[in-house]
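Colleague: Before we start, here is the structure in question, set down as structure tokens.
The values are calculated or read from the model by the stated rules, or taken from the named source; none is laboratory data. Just so it is clear, the structure is predicted and the values come from calculations on it, not from any experiment. Neighbour counts run over all protein chains shown; Cβ positions are idealised from the backbone, glycine included. SASA here: full protein model, heavy atoms, side chains in, ligands and nucleic acids out. Shrake-Rupley method; radii C 1.70, N 1.55, O 1.52, S 1.80 Å.
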Amino acid sequence: MNITLLLIAAIQAGTPLLLATLGETITEKAGHLNLGVEGMMLVGAVMGFVTAFETQNAGLAILVAMLAGLAASLIYAFLTVSLRTNQIVTGLALTIFGTGVSSFIGSSYIGEVVPANVKLFLKSSIEIPLLSKIPFVGDILFKQDILVYLSIIITVFFGIYLYKSRIGLNLKAVGENPYAADAVGINVSLYKYIHILIGGALSGLAGGYISLVYIPVWQDNVVAGKGWIAVALVIFVSWNPYKAILGSYFFGLLDIIGFRLQKFELHIPQDIIDMLPYIATIVVLIITSIRPSIKNNPPHWLGREYFREDR
Amino acid sequence: MKKRVLAMVLGLTMLVSIFAVGCTKDEAKADFKAGFVYIGPTNDNGWTTAHDVARLELEKQLGIETAYVELVAEDEAAVKDAVTNLIDVGCNIIFTTSFGYMEPTVALAAEYPDLYFLHCSGYMMSENLGTYFGRIYEPRFLSGIVAGMKTTSNEIGYVAAMNIPEVVRGINAFTLGVKMVNPDATVNVRWTNTWIDPAKAKEAAEALLAEGCDVITQHQDSPGPLIAAEEKGAFAIGYDYPLTDVAPGSYMTAPVFNWSVYYVDIVKQIMDGKFVSASYWEGLNSGVVALAPMTDLVPAEAKTLVNEYEAKIKDGSFFVFEGEIKDNTGAVKVPAGTKMTDGEMLSMDWFVEGVKSN
């Protein structure tokens, strides 16, 4: 087995997971559990694809994919923040809704291919000067496509935002204890809205990566469960954006390793391999619950409504 | 209050957009009307497209009306719903076009004894229920010739769906074609355990390409492997339906179904009152299966050889599963001079020599 090729493929399989995981982490940091990731990814995937197909403009396609995810998360934000509906139910509804919308919009595009110039722009690998010359590591990390780099930049940016900035601290306060945050004058609803929408845009971008780069032909339900893996990944990486990079690539690896293992006639059924990401998540949950650490805890107010009047 | 109104508007929009997704139904006028139940969308560029193209051809050739329901899941309630809908709009000939529809179709055929039911790829029959399928292994064998002559690395990749006799038969026929022209070549199989999952199909193909395969073929209803091959500069053979424009840089040919041959024939029989429940399983000779036109990527000598063997299969002088055939452990499975029976082919669960699969 060629390890270099395997790892390159793992990073590409992991990139949509990374983007979606980041999106969900940002959302959850604001105290909102959005189970609509799968739906938002599908909406982003279909809108990005349709835009690319109709306009042949790669930049516009990416932008529209993000806006579509953002629009889907706006439904969620309005329902859960303003109307205070149950977050679990709303998120699940969003997934079902998004799946339907993407099937509906995409039905006349099934089998269509992403235009060649868009593919060329998004898929061609860019070699980073000097760094790509490093043996092994250079081949794996610094000869990737543009969105792989973008996703890493976004992650680092979000890490700095979350851990080093004042607004990031405020965001964490909103997710931990909105009453306290409100008391010190943080606009809780605004924070929630903004971060849910950013999360939605990243999910949309993740969907766009799948339909424009990863599988550049439109197929119904192209995301195929990756949104759910992202939800599990958020827990796996304990809400830490930096860990999300490694976690996503690891899950990407688990996603593709099965076919490469078939070569060795190990007789491991593919179904078992498909379970690995979830088993890994359960294992991490068990480990973190045995040795609880404040760092690995979910945002304290995650999944709960915030009623200002209840004070 | 404002919020409540907004919430209602939002809810209504969602509802309306769900109901906007309906299916078209034609009005019944003629005495006979054929209804089709599809597993995928009509434009999946594969299995369902092949059936739907044939449905339109049936309309054109016999001038009868048809109706269809697409994206029907393989469970009893969904199939029953789809079929009763078709009966409601006047269909009296029902085609159910996926293996998983078998048992519901049997139940419905018993429930509606006056209607005609035809189930694709199954084995259960009754007085008003027939089955039909194509001997796709014949064009598969021909596509194996193409792959065997095209490969330079002598490693050929096969993205397979489920480990069932139908798929195994395809792999074996393909490999026999490969080995006939290129005894050194190996056919490497990867199982996706799904008929249609473009991501998995592509990942499986990528795994094969990473191991040095330079020709990829598939038993998958999505073009994922074709695209993976094109991206890596390799060549590919499709399935179900010709797909020239998805991956022009890799696509060479495909074993395809031409269902209209059967549909026109059976509907004519029914219209003439000559219907007998039967199990239809025909090959290249009938035209129900074929090898799609070969593109310029196919070597000229392969084209000649394919045409030669196509003619031989058609006139009966060549049979794909005729001995001596060894399995991939070296044991002789079909002695020299013996042809496999339909029963043996329909329950095939071993791989021929040259197949690498776990």
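Colleague: Between segment B:302-358 and segment B:124-199, how far is it from one alpha carbon centroid to the other, in angstrom?
Modeller: The two parts, judged by their Cα centres, are 12 Å apart.
Colleague: On to the next question. Each residue of segment A:286-293 in turn: what ³J(HN,Hα) in whole Hz from Karplus with 6.51, -1.76, 1.60 and θ = phi - 60°, glycine and Pro shown as x?
Modeller: Once θ is set to phi - 60°, the couplings for segment A:286-293 become 5, 4, 5, 7, 6, 10, x, 9 Hz.
Colleague: Taking a ≥ b ≥ c as the square roots of the eigenvalues of the Cα gyration tensor of segment B:23-148, is the shape rounded (a/c under 1.5), prolate (a/b larger than b/c) or oblate?
Modeller: prolate
Colleague: Something else: I need to check one value: relative contact order of segment B:29-182, counting alpha carbon pairs closer than 8 Å and at least 6 residues apart, in percent.
Modeller: Normalised by residue count, the contact order of segment B:29-182 is 18 percent.
Colleague: With the cut-off at 1.5 for a/c, could you classify chain A from its C-alpha gyration tensor as rounded, prolate or oblate?
Modeller: Prolate, since a/c reaches 1.5 and a/b exceeds b/c.
Colleague: Moving on. Quick check on chain B: helices-only [θ] at 222 nm, where DSSP H runs of length 4 and up contribute -39,500 (n - 2.57) each and the sum goes over total residues. Nearest 500, please.
Modeller: Only helices count here, giving -12500 deg cm²/dmol.
Colleague: Defining a contact as two alpha carbons under 8 Å apart and six or more residues distant in sequence, what relative contact order in percent does segment A:1-155 show?
Modeller: Value for segment A:1-155: 28 percent.
Colleague: Checking the cross-link filter: which lysines have an alpha carbon closer than 30 Å to that of residue B:33, excluding same-chain neighbours under 8 positions apart?
Modeller: Cross-link targets: B:25, B:60, B:80, B:268, B:274.
Colleague: Tell me the net charge near residue B:281. Cut-off is 12 Å between Cβ atoms, residue B:281 excluded, with +1 for each Lys or Arg and -1 for each Asp or Glu.
Modeller: Local net charge: -2.
Colleague: Additional query: For residue B:236, enumerate residues with amide H under 5 Å from its amide H, sequence gap 5+ or separate chain, H modeled in the peptide plane.
Modeller: Residues meeting the criterion, in which the H sits 1.01 Å from N, are B:216, B:251, B:252.
Colleague: Now for a separate question. Report D for segment B:318-358 in µm² per second (integer): Stokes-Einstein, Kirkwood Rh on Cα pairs, 4 °C, 1.567 mPa s.
Modeller: Stokes-Einstein gives a translational diffusion coefficient of 123 µm²/s.
Colleague: Also: What ranking, highest mean first, results for peptides B:94-100, B:146-152 when packing means the other Cβ atoms within 10 Å averaged over each residue?
Modeller: B:94-100, B:146-152
Colleague: If each DSSP helix of 4+ residues adds -39,500 (n - 2.57) and the sum is divided by the residues in chain A, what number results at 222 nm, nearest 500 deg cm²/dmol?
Modeller: -22500 deg cm²/dmol
Colleague: Report ³J(HN,Hα) in whole Hz for each residue of segment A:120-136, in order, from the Karplus equation J = 6.51 cos²θ - 1.76 cosθ + 1.60 where θ = phi - 60°; Gly and Pro get x.
Modeller: After applying 6.51 cos²θ - 1.76 cosθ + 1.60, I find 4, 5, 7, 9, 5, 7, 9, 8, 6, x, 6, 4, 6, 7, 4, x, 6 Hz.
Colleague: When N counts the residues of segment A:1-124, how does its alpha-carbon radius of gyration compare numerically with 2.2 N^0.38 Å, as a ratio?
Modeller: Output field value: 1.18.
Colleague: Next up: List the GluC sites (Glu not before Pro) within segment B:255-342 that DSSP assigns to loop and that have no more than 16 neighbouring Cβ atoms inside 10 Å.
Modeller: Answer by residue number: B:324.
Colleague: Sum up the charges of everything whose Cβ sits under 11 Å from the Cβ of residue B:351, counting Lys and Arg as +1 and Asp and Glu as -1, but leave residue B:351 out.
Modeller: Once all neighbours under 11 Å are counted, the net charge is +1.
Colleague: Considering only protein heavy atoms, what per residue accessible area in square angstrom results for segment B:218-286 with a 1.4 angstrom probe?
Modeller: Heavy-atom accessible area per residue stands at 33 Å².
Colleague: At 10 °C and 1.306 mPa s, grab the translational diffusion coefficient of segment B:244-358 from Stokes-Einstein with a Kirkwood Rh over Cα pairs, rounded to a whole number in µm² per second.
Modeller: 92
Colleague: Under 1.5 on a/c is rounded, so check that first for segment A:211-294, then, if it is not, pick prolate when a/b is larger than b/c and oblate when it is not; a ≥ b ≥ c are the square roots of the alpha carbon gyration tensor eigenvalues.
Modeller: It comes out oblate by the Cα gyration axes.
Colleague: Please work out the C-alpha center-to-center distance from segment A:286-311 to segment B:200-273 and express it in whole Å.
Modeller: The two parts, judged by their Cα centres, are 50 Å apart.
Colleague: While we're here: Defining a contact as two alpha carbons under 8 Å apart and six or more residues distant in sequence, what relative contact order in percent does segment B:172-317 show?
Modeller: Value for segment B:172-317: 15 percent.
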